[in-house]
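Engineer: Next up is a structure, given as structure tokens.
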Amino acid sequence: MLPKEKIIVGLEVGTSKVCAVVGEVLDDGNIMVVGVGQANSEGVRKGEIVNIEATVECIHAAVADAEESAGVEIHNVYASVSGGHIRSFNNRGTVAVTNEDREISEEEVRNVLLNAKAVNIPMDHVVIHAIRQHFFVDGHDGIQNPVGMIGAKLEADVHVIYGVRTRLQNTIKCIKHVPLDVANIAVSGFASALAVLTSEHQQLGAVVVDIGGGTTDYIIYSEGTIQHSGVLAVGGDHITNDVAIGLRIPMNRAETLKIEHGSVAIPPDDEVLTLKREVGLPDRQVSKQQLCRIMNLRVEETLTLVKKELEKHKLMEYLGAGVFITGGCARLQGLEPLAAQIFGLPVHIGHSLTVGGPTSAIESPEYSTAIGLVRYALGSQRDQHQPPSPLRKIGQSFQHLIQKARAFL
Ligand SMILES: Nc1ncnc2c1ncn2[C@@H]1O[C@H](COP(=O)(O)OP(=O)(O)O)[C@@H](O)[C@H]1O
Ligand SMILES: [Mg+2]
């Protein structure tokens, strides 16, 4: 059995599936995927939990599967969160350097990051990440590590990601009910980016678009730091829904049709597809062109929404490495040329490039988030400047909630 401290588990409670990835930290600091577990998701809509009991069961099944696959016992996980309630903005923090010698210490760095994080967000929201972009010392830009520098004023730019406290608590509550400990949480798009982007891509500039079942999570890097991020409450389920409505077939048939015969490239010649007879459902014939047209419209609309965000934040010129698409919908036929045409940039279908392991895991786009969580965990364990985990805040109110619930019983 592998020693426990070298094992990190990433858990994604997605709209379509719950997935647990077991990563082993090798002596050279690299990560190897040593096990994956998965279960179909029930109780999650558009990335948010709507049925606690069903979700707990799915997490339990996925984790048991991962335990068997990796040959380890899992007690502790890093979890991803998603949903349309997650928002972001950039903020600047400032502190005066008060040491006599004006030498910037670790403490000032911690303080300026805390100051940058202390922002006005609505009462019922909580900061999930305050990710540093760069520092300024007496107005000098682009400083990556100011420790040891001399200056009177230290400033830090951070990318703040926040969400509705109770919705985040629901994810944590489900995981704790399994029962498992939650070591920390990260937003899905950030985790996916850590799996699919190398540091060269982050430096050159890239957008990662994770298209899952109920959400599209995006995040933009340039010059090695996060510039912008967000979540659209639209995903592959909407494509399936459009197919079901457009072709007047039930959702499960539409899902199979989408995966087995669908494409976002409209074929020049039509073809008749026959849906096999099922219990209670007769044979049906549908036009492949019509199927692909429906799928093309929805995917084009979703990617155009992401492009508009990039344009709004003036980030289109900073994407030297291009667009990385991941999540289950990255498997859509014809996606690469469609996305290249929309963005006018090179498009890569996201495989996890930053970890080792079986190709079946690292080449599966739907695992990027859980794989990236393992990288996130390793990074946050090593980062001594990291402000305290948002879990403390979320967890405290969570305890409070439980006490309140108990008082009711
Ligand atoms: N081969 C495929 N072709 C097209 N779509 C696919 C394929 N495989 C999975 N999908 C779609 O990907 C979505 C699920 O992606 P995933 O990343 O697993 O979601 P989540 O993380 O939200 O649970 C579903 O809408 C599913 O239909
Ligand atoms: Mg996902």
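The values are calculated or read from the model by the stated rules, or taken from the named source; none is laboratory data. From a predicted model like this one, the values you see are computed outputs, not experimental measurements. Cβ coordinates were reconstructed from backbone atoms using ideal geometry, including for glycine residues, and neighbour counts include every protein chain displayed.
Engineer: Do you know which residues across region 21-59 are in contact (Cβ under 8 Å) with a residue 60 or more places away in the chain, within 13 Å of ligand 2 (Cβ to nearest atom) and buried (at least 22 other Cβ atoms within 10 Å of the Cβ)?
Structural biologist: Matches in region 21-59: Val21, Ser41, Val44, Gly47, Glu48.
Engineer: Going through Arg110, Arg92, Arg132 one at a time, which residue ends up being of a type in the set (Lys, Arg), within 22 Å of the chain's Cα centre (by Cα) and outside any loop (DSSP other than H, G, I, E, B)?
Structural biologist: Every option except Arg132 fails the conditions.
Engineer: Being away from ligand 2 (no atom under 16 Å from the Cβ) and touching a strand residue (DSSP E or B) at 6+ places or on another chain (Cβ under 7 Å) is the filter; apply it to region 72-84 and report the residue that is farthest from Asn184 (Cα to Cα).
Structural biologist: Only one residue fits best here, namely Val72.
Engineer: Here is a follow-up. Which one of Ile259, Ile245, Ile239, Ile211 is within 13 Å of ligand 1 (Cβ to nearest atom), surrounded by fewer than 18 Cβ atoms within 10 Å (Cβ to Cβ) and at pLDDT 95 or above?
Structural biologist: Ile259
Engineer: If Pro388 passes every condition in (1) modelled with pLDDT of 95 or more; (2) not in a helix (DSSP H, G or I) but one, which one does it miss?
Structural biologist: All conditions pass for Pro388, except number (1).
Engineer: Take region 135-167 and flag every residue that is touching a His at 6+ places or on another chain (Cβ under 8 Å), within 29 Å of Val81 (Cα to Cα) and not in a helix (DSSP H, G or I).
Structural biologist: Matches in region 135-167: Gln144, Ala156, Asp157, His159, Val160, Ile161, Tyr162, Gly163, Val164.
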